[in-house]
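The values are calculated or read from the model by the stated rules, or taken from the named source; none is laboratory data. Keep in mind it's a predicted model, so treat the numbers as computed, not measured. All Cβ positions, even for glycine, are placed from backbone atoms using ideal geometry, and neighbour counts span all protein chains on display.
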Amino acid sequence: MKKGKLTQIEIACIRGMLANDIEVEVMAKQLDRSQEVVQKALESIEAEIKRDQLIINKSAKGQKGLAIMTPEASMRIDDTRENRQPETPSKIQRSIHTIHG
């Protein structure tokens with residue numbers, strides 16, 4: 001069984017196997033890696049996929065440098081705003097005062 005970090009080729013293979021709904025045990029056997037290492041890589045890849053689905057940061061031509069919020073991301077932010085505590089004045093706002101003239 002191989003030891004050490006996964007190579008870029010192995011990560012690409014895991015992505016392909018994930019797209020084909022192959023089980024973790026089979027992936028580990030094909031790559032000659034432990035199931036724990038493959039499972040960690042899968043979790044990392046799935047988190048990256050989920051993050052990429054929320055914000056679009058590439059143009060159609062593949063150029064980076066722009067950020068567009070998807071409807072899912074907007075709804076997620078709106079939900080978190082509703083669950084927040086009522087706003088309390090920040091430390092800066094409390095320390096600002098005016099002198100009466």
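Tell me which residues, restricted to the stretch 1-18, are among the charged types (D, E, K, R) and either within 14 Å of Glu46 (Cα to Cα) or in contact with a strand residue (DSSP E or B) (Cβ under 7 Å, 6 or more places away or on another chain) (or both). Result: Arg15, single match.
When you check Ile45 against the structure, is it at pLDDT below 75, within 28 Å of Ile14 (Cα to Cα) and within 15 Å of the chain's Cα centre (by Cα), yes or no? Answer is no for this residue. Each residue in the stretch 12-34 was checked for being more than 22 Å from the chain's Cα centre (by Cα) and within 14 Å of Lys2 (Cβ to Cβ), and 8 pass.
Taken together, the criteria exclude Lys50 from residues that are modelled with pLDDT of 75 or more, of a type in the set (Lys, Arg), out of contact with any Asp or Glu (no Cβ under 7 Å at 6 or more places or on another chain) and over 24 Å from Leu18 (Cα atoms).
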